[in-house]
Amino acid sequence: MTDRRGPLRSVDCLLLAVGLCLLTTVNACASDQDMTAERQRLVEKIEAEVRMTAPELGFARLDPRVAEAMLRVPRHAFVPNAQRALAYANHPLPIGGGQTISQPYIVAIMSQLLDVGPGDRVFELGTGSGYQAAVLAEMGVDVYSVEIVPELAERAHANLEAAGYPQVQVRAGDGWLGWPEAAPFDGIILTAAAPVIPDQLIDQLKPGGRLVMPIGETHSVQQLAIFDKDEDGTLRRRDLLPVRFVPVTGPLGD
């Protein structure tokens, strides 16, 4: 009889390996379930905040497509490791480079306000960590996003790839210039504040399209506003909520 205190036999090693594999799988499943439950609670909080702000927003509940996207996109994959415990809190988080990942409520309502769907094309100024782009991509939108901080653009691209959204187009550069070769866009979203809308972006928005942005002085409270472009090219503005975003930066954004 072999002394069981000696080296493990091959069959013992195999059983140990299988056991460790099963334990890892169980832990991963539990973690996934925990994250799903956290996202569910987050969406419930967003829905409650939407009801509270319904008079300003013009709607009292999330579009099911937006709610489903918020449930599916793993926000924890778009925040720094040090912030992951707070990934599903309903507030913005720092992501480095002086930038933030927006409050989930803001991401949800801006996604809904854009009024876009599968096959539509959207330009995003300010990729950040890639979370807003991921939510739109989950809704079937073709997203073209520009981030002025090269390190963030690179990280956002990696985040989107890892989270399952490789179709999102990301590049480093000045978002004030838009993405002319991909224009015209059905929607444009600015995830940073500016006191005016750049002419380049107005030109790249389709007639009948919509632009959503925080507009106002960059170091004060801004207004979350929507701009609808009529067939004759004129813009109609509607202010919705007071907000505070980081400013658009860059040679044309200052």
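The values are calculated or read from the model by the stated rules, or taken from the named source; none is laboratory data. What you are looking at is a predicted structure, and each value in this text was computed from that prediction instead of being measured. Note: ideal-geometry Cβ built from the backbone for every residue, glycine included; neighbour counts use all protein chains shown. Accessible surface areas use protein heavy atoms only, side chains included; no ligands, DNA or RNA. Shrake-Rupley method; radii C 1.70, N 1.55, O 1.52, S 1.80 Å.
Can you find a residue in region 77-98 that is under 11 Å from the mean Cα position of the chain (by Cα), among the charged types (D, E, K, R) and closer than 25 Å to PRO150 by Cα? Checked region 77-98: no residue is under 11 Å from the mean Cα position of the chain (by Cα), among the charged types (D, E, K, R) and closer than 25 Å to PRO150 by Cα. When each of GLY209, GLY250 is tested for being in contact with a helix residue (DSSP H, G or I) (Cβ under 7 Å, 6 or more places away or on another chain) and either of a type in the set (A, V, I, L, M, F, W, C) or surrounded by 14 or more Cβ atoms within 10 Å (Cβ to Cβ) (or both), the lone residue that passes is GLY250.
For region 224-238, residues that are of a type in the set (D, E, K, R) and in contact (Cβ under 8 Å) with a residue 24 or more places away in the chain total 3. Residue count for region 129-151 under the criterion of being at pLDDT 95 or above and either within 16 Å of VAL248 (Cβ to Cβ) or among the β-branched types (Val, Ile, Thr) (or both): the result is 7.
One residue alone among VAL221, VAL168 is in contact with a His (Cβ under 9 Å, 6 or more places away or on another chain), among the β-branched types (Val, Ile, Thr) and without any contact (Cβ under 8 Å) to a residue 60 or more places away in the chain, and that residue is VAL168. Which members of region 207-217 meet the condition of being touching a Gly at 6+ places or on another chain (Cβ under 9 Å) and either without any contact (Cβ under 8 Å) to a residue 40 or more places away in the chain or assigned to a loop (DSSP other than H, G, I, E, B) (or both)? Within region 207-217, PRO207, GLY209, LEU211 meet the criteria. Among the residues of region 153-169, those identified as in a loop (DSSP other than H, G, I, E, B) and open to solvent by 30 Å² or more (accessible area, probe 1.4 Å) are GLY164, PRO166, GLN167.
The rows are residues; the columns are (1) within 18 Å of GLN112 (Cα to Cα); (2) open to solvent by 40 Å² or more (accessible area, probe 1.4 Å); (3) modelled with pLDDT under 95.
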| position | (1), (2), (3) |
| --- | --- |
| THR25 | no, yes, yes |
| ASP34 | no, yes, yes |
| ARG41 | no, yes, no |
| GLU49 | yes, yes, no |
| VAL66 | yes, no, no |
| ARG72 | yes, yes, no |
| GLY96 | no, no, yes |
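Selection of region 117-152 for residues being buried (at least 20 other Cβ atoms within 10 Å of the Cβ) and assigned to a helix (DSSP H, G or I) yields TYR131, GLN132, ALA133, ALA134, VAL135, LEU136, ALA137, GLU138, LEU152.
With respect to (1) touching an Asp or Glu at 6+ places or on another chain (Cβ under 9 Å); (2) farther than 22 Å from LEU152 by Cβ, the lone exception for ASP199 is condition (1). Considering region 135-161, the residues that are among the acidic types (Asp, Glu) and touching a residue at least 24 places away in the same chain (Cβ under 8 Å) include one that is farthest from ILE188 (Cα to Cα), namely GLU151. Name the residues in region 86-108 that are assigned to a loop (DSSP other than H, G, I, E, B), among the aliphatic types (A, V, I, L, M) and in contact with a helix residue (DSSP H, G or I) (Cβ under 6 Å, 6 or more places away or on another chain), would you? Hit for region 86-108 is ALA87, nothing else.
So is GLY233 open to solvent by less than 60 Å² (accessible area, probe 1.4 Å), in a loop (DSSP other than H, G, I, E, B) and not β-branched (Val, Ile, Thr) or not? Yes, satisfied.
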